[in-house]
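Here is the structure we will look at.
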């Protein structure tokens, strides 16, 4: 088990890279399941920047520098995303069914990045 732990943040970075590539090149694939409609070029550009650019930048930084502090920062980022989804569940009335997929994905990525701190 201990030999797997150092690999988990890299797995999180790979998944983040995949999300970034999809968001950068095909943003509609990420937002359509969420019920978000990109109705004009500015909306597509915004989705491309947020879902593609941010995720690509995070993953590239993680792989390029490979520093534990970067993986920790990414874990905290995914953790705050999870917290935002829980907050939205409480105040926006999204409903548990609508919130669960995001909570699971974001929470899993948070865990993958923070696994060396949590399990090590």
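Okay, here's what the table says:
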{"item": "Residue 8 under 27 Å from residue 98 (Cβ atoms), under 15 Å from the mean Cα position of the chain (by Cα) and assigned to a helix (DSSP H, G or I)", "result": "no"}
{"item": "Single residue of the stretch 15-33 satisfying the filter (within 19 Å of residue 107 (Cβ to Cβ) and surrounded by fewer than 15 Cβ atoms within 10 Å (Cβ to Cβ)) that is nearest to the chain's Cα centre (by Cα)", "result": "18"}
{"item": "Condition check for residue 103: in contact with a helix residue (DSSP H, G or I) (Cβ under 6 Å, 6 or more places away or on another chain) and closer than 19 Å to residue 119 by Cβ", "result": "no"}
{"item": "Selection status of residue 109, more than 17 Å from residue 17 (Cβ to Cβ) and touching a residue at least 60 places away in the same chain (Cβ under 8 Å)", "result": "no"}
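The numbers here are math on the coordinates, done by the rules we state, and not lab data. Everything numeric in this text was worked out from a predicted model, so none of it was measured. As a convention, Cβ positions derive from the backbone with ideal geometry for all residues, glycine included, and neighbour counts pool all protein chains shown.
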